[in-house]
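The values are calculated or read from the model by the stated rules, or taken from the named source; none is laboratory data. Worth saying up front: this structure is predicted, and the values here are computed from it rather than measured. Cβ placement follows ideal geometry from the backbone for every residue including glycine, while neighbour counts extend to all protein chains displayed.
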Amino acid sequence: MTRVAIAGGGAAGMACAKVLVDAGLDVTLFDELQRLGGHCFAIPVPHGKASVLVDAGVSHFNGATSHEARAFMATLGLTLEPVVHDATCTTIDGHPVWTTKGGRRVIDGIGDEHRFFDEIDLFETTCAEVTAEARFSEWSARQYLDEYDYGPDFRKSFFNPRAGGAFPMPDRDPEDYFIRPLVAYWQMEGLVGTGPAERLVVEHGMHSWPAAFHIWFEQHKGTLRLGARIVGVSRRPRGVRIRIETSEGVHESHWFDHIVFATDPHAIRSMLEDPSVDEAALLGAFQWQRSRVAVHRDAEYVCSDPMLIAATNYVIGERNQPETRPTITLRPRPDVFVTINPHRAPRDVIANRFFVHPALSRPQDVTTRRLGQLQGSANTWFAGAWLRVPHVHEQALATGLEVGNDLVATLASVHGSGSKPRPRTRRSFLDALRDCSIFASLDPCLLEEIRVTARPFSAAKGDVLARETEPAFGMFLVTDGEVIGSREGRHVTRSRAGTLIGEMSILDGGPSHLTYVAHSQISGWCFDRAGIEQLRRETSAGAFAFLDQIARSEMQLMRNLLEQRWGAISSAETAAWTEARVLGPATAFLDGLDLPESSRLRALLWEFPAGTVVVRAGEPSHRFLIVTQGTVDVTAADGTPLVEAGAGDMPGVLAVIDGGRQPFSFVAREPTIAAVIDADRYRELRYGGSALAAALVPRIHSYLVQRYRPLLDAMLGGDDETMVD
């Protein structure tokens, strides 16, 4: 039987151990502490003649985004309970400034309350864009806040204390943080966006789930070595040698076939006696920092008004004091407070603890992907929250499960072929999507949201994945092998790793434009159309970003086809509407289109006289229209007449989707009325978060694809050669 050692009894180690034990492997789990759980721990608090355990580490998780955590707790038979998550922000001396407890309101110290809450709403609705668009990958928070002109009250009393309360962030001015990982953390916690946030805790506290796993593990014949410090790991021809020191000071040496490191990278580096050059460099590239946790009863430290002490209490500090320092209150003892990095010594301290955690001081995408390529080399594997932003419980569990499944798959392939173990070649879900150019810009926090709609697939040579004229039931992402696309029996395209099949049907529900047949054994991921639609109805930022990237990709292909036929698009000035006039708000018209909350668009109805250039080819993409009555002539950039547009058409919307210049000119043939929508309003809807987004964005995608299909059909029907290879 294959023997596997796991170094680290935190969430990643436990998740990996469960997969391996379920697969029938001989698993030994080591931890230098006398308990499992890592950062998931509790402090005994006196309560009468007894004591109760209060979480001092992981306190809750968001069930709407933590799919693996929720499923793992279910397999252990644990009950989950909802958590109240109101918040209060105070000055550094404890005076309340604003709160959500009992309703969102300002207490004192905000100059313009209306602007303050408007900017909070705008930020929470639109900030998902930083995890979806590559241009934000190295932006600082200050750069982002300056770009959209957020005010001083928002920065001082909302953004900075909330950002400073995000424990993975480094100890420096919050406006110097990288904006992308910060927003990824907030999305995971449900602190931004208006999608569902379901904050949950295990019955009796989060610390109880490691105890439940302890029982499960030993019942299933796993070997548990607590109080055992690993002092050395070396990879030898006969196996992996692990040297430990027990809590009694006894030194032991053990041999295993594989080792999984499920602890912090700096600890792994100190354990390895024979690190490769790559291992040493990559493990040393991860930033980490220590934080202090104080458990105390000092209510005055938290807030001068005890009635405003909330579930989470943030401190509005000074820029020269940027340390993370929120205070959390937990059941069953609301009079006991857990403060991270207290700025002064609290009174009546029950316990102090230090813990080490990852620090997001710089983007680490390249480092983590390079380390992923080492998985399985020298029978060595790596798991832990530090491998995946935003470094919370869900990421620890997900990496542990993934490594466990990869190790089992590697052993299965070895036993089937009789060869020596080799590093994995199968692409994980995240790796597969990040290797596809369409989704490369999306942060893993968004991709994780759509994991529930995806399943691995494989097909033999000759299998049909989609047929022309028939709707595709889903979308395929090819990771290995080759697929041939044909139309009426004529070869059109050759799809290899990283390409999508069925993406147009995902956008508009229409038929596949080609027949796709596997030209070899293929594998990849299949995305269920119904599942994606359900996520979109729930206004999931991940689903919106996923579909937005597909739409942008299709629009880019459409632009390429347009330029092939009518030439490149030259820049031009925005059309001047000198003769047009505003009729009033367009809300009533938009309500008639079954668009809920249409007033959020702030659209106006305009009347355009005959002959008015409504949109000029080459102008910037700063607005689009929805025609209510009248007829508009559409011409190509070179002046070639194309089609006419009427009621329900959306002049200018293609460029708003992809950010390019307008590819067509639209000229009113007769007096025409249209609702005009600013591109900034679409920005607020692009990544979901509202019923309006759930109604309008899919309608725009479907409209564009339906307009695009005739052009694509014409191009495909007139070329006997392969278009794309």
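Determine if region 117-128 includes at least one residue that is farther than 18 Å from Asp680 by Cβ, touching a helix residue (DSSP H, G or I) at 6+ places or on another chain (Cβ under 7 Å) and either crowded, with 20+ Cβ neighbours inside 10 Å or at pLDDT 95 or above (or both). Write out each step before concluding.
Residues of region 117-128 farther than 18 Å from Asp680 by Cβ: 117.
Next, only the ones that are touching a helix residue (DSSP H, G or I) at 6+ places or on another chain (Cβ under 7 Å) stay: none.
Looking through region 117-128, none of the residues is farther than 18 Å from Asp680 by Cβ, touching a helix residue (DSSP H, G or I) at 6+ places or on another chain (Cβ under 7 Å) and either crowded, with 20+ Cβ neighbours inside 10 Å or at pLDDT 95 or above (or both).
Inside region 83-96, residues that are buried (at least 16 other Cβ atoms within 10 Å of the Cβ) and under 23 Å from Ala64 (Cβ atoms) make up a count of 4. On the stretch given as region 22-45, residues that are touching a helix residue (DSSP H, G or I) at 6+ places or on another chain (Cβ under 7 Å), outside any strand (DSSP E or B) and either crowded, with 20+ Cβ neighbours inside 10 Å or of a type in the set (Val, Ile, Thr) (or both) total 4.
Within region 238-267, residues that are farther than 23 Å from Leu20 by Cα and in the same structural domain as Thr380 (by TED's automatic domain parsing) have Cβ atoms under 9 Å from residues that are polar (S, T, N, Q) and assigned to a strand (DSSP E or B) in these pairs: Glu252/Thr246, counting only partners at least 6 apart in sequence or on another chain. Scanning region 122-145 for residues being polar (S, T, N, Q) and part of a helix (DSSP H, G or I) gives a total of 4.
Residues of region 54-82 that are buried (at least 17 other Cβ atoms within 10 Å of the Cβ), closer than 21 Å to Val338 by Cα and either in contact with a strand residue (DSSP E or B) (Cβ under 8 Å, 6 or more places away or on another chain) or of a type outside the set (A, V, I, L, M) (or both): Val54, Asp55, Ala56, Gly57, Ser59, His60, Phe61, Asn62.
For region 484-588, the strands (runs of 3 or more DSSP E) that sit wholly inside it and include 2 or more residues that are in contact (Cβ under 8 Å) with a residue 40 or more places away in the chain, surrounded by 16 or more Cβ atoms within 10 Å (Cβ to Cβ) and of a type in the set (A, V, I, L, M) are 515-518. Condition first: in a loop (DSSP other than H, G, I, E, B) and either of a type in the set (Phe, Trp, Tyr) or without any contact (Cβ under 8 Å) to a residue 60 or more places away in the chain (or both). Can you find one or more residues in region 224-237 that meet it? Yes, the conditions are met somewhere in region 224-237. Are any of the residues in region 238-247 surrounded by fewer than 14 Cβ atoms within 10 Å (Cβ to Cβ) and of a type outside the set (A, V, I, L, M, F, W, C)? So far as region 238-247 goes, yes, one or more of its residues are surrounded by fewer than 14 Cβ atoms within 10 Å (Cβ to Cβ) and of a type outside the set (A, V, I, L, M, F, W, C).
For region 255-270, how many residues are crowded, with 20+ Cβ neighbours inside 10 Å and either part of a helix (DSSP H, G or I) or of a type in the set (Ser, Thr, Tyr) (or both)? Even if it seems obvious, please write down each step before you answer.
From region 255-270, those crowded, with 20+ Cβ neighbours inside 10 Å are 256, 258-265, 268; that's our starting set.
Going one step further and asking which of them are either part of a helix (DSSP H, G or I) or of a type in the set (Ser, Thr, Tyr) (or both), we end up with 263, 265, 268.
The total comes to 3.
In summary, Arg172 fulfils each of the numbered conditions (1) crowded, with 19+ Cβ neighbours inside 10 Å; (2) in contact with a Pro (Cβ under 6 Å, 6 or more places away or on another chain) with the single exception of condition (1).
Filter region 273-310 down to the residues that are small (Gly, Ala, Ser), in contact with a Ser or Thr (Cβ under 6 Å, 6 or more places away or on another chain) and assigned to a loop (DSSP other than H, G, I, E, B) and list them by number. Spell out the reasoning first.
Pass one, region 273-310, residues small (Gly, Ala, Ser): 276, 280-281, 284-285, 291, 294, 299, 304, 310.
From what is left, the residues that are in contact with a Ser or Thr (Cβ under 6 Å, 6 or more places away or on another chain) are 285, 294, 310.
Hits for region 273-310 are Ala285, Ala310.
Residues are listed down the side, and each one gets a yes or a no for (1) of a type in the set (Phe, Trp, Tyr); (2) at pLDDT below 90:
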residue	(1), (2)
Phe664	yes, no
Ala693	no, no
Arg699	no, no
Val705	no, yes
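On the stretch given as region 191-200, residues that are buried (at least 21 other Cβ atoms within 10 Å of the Cβ) and within 18 Å of Val83 (Cα to Cα) total 2.
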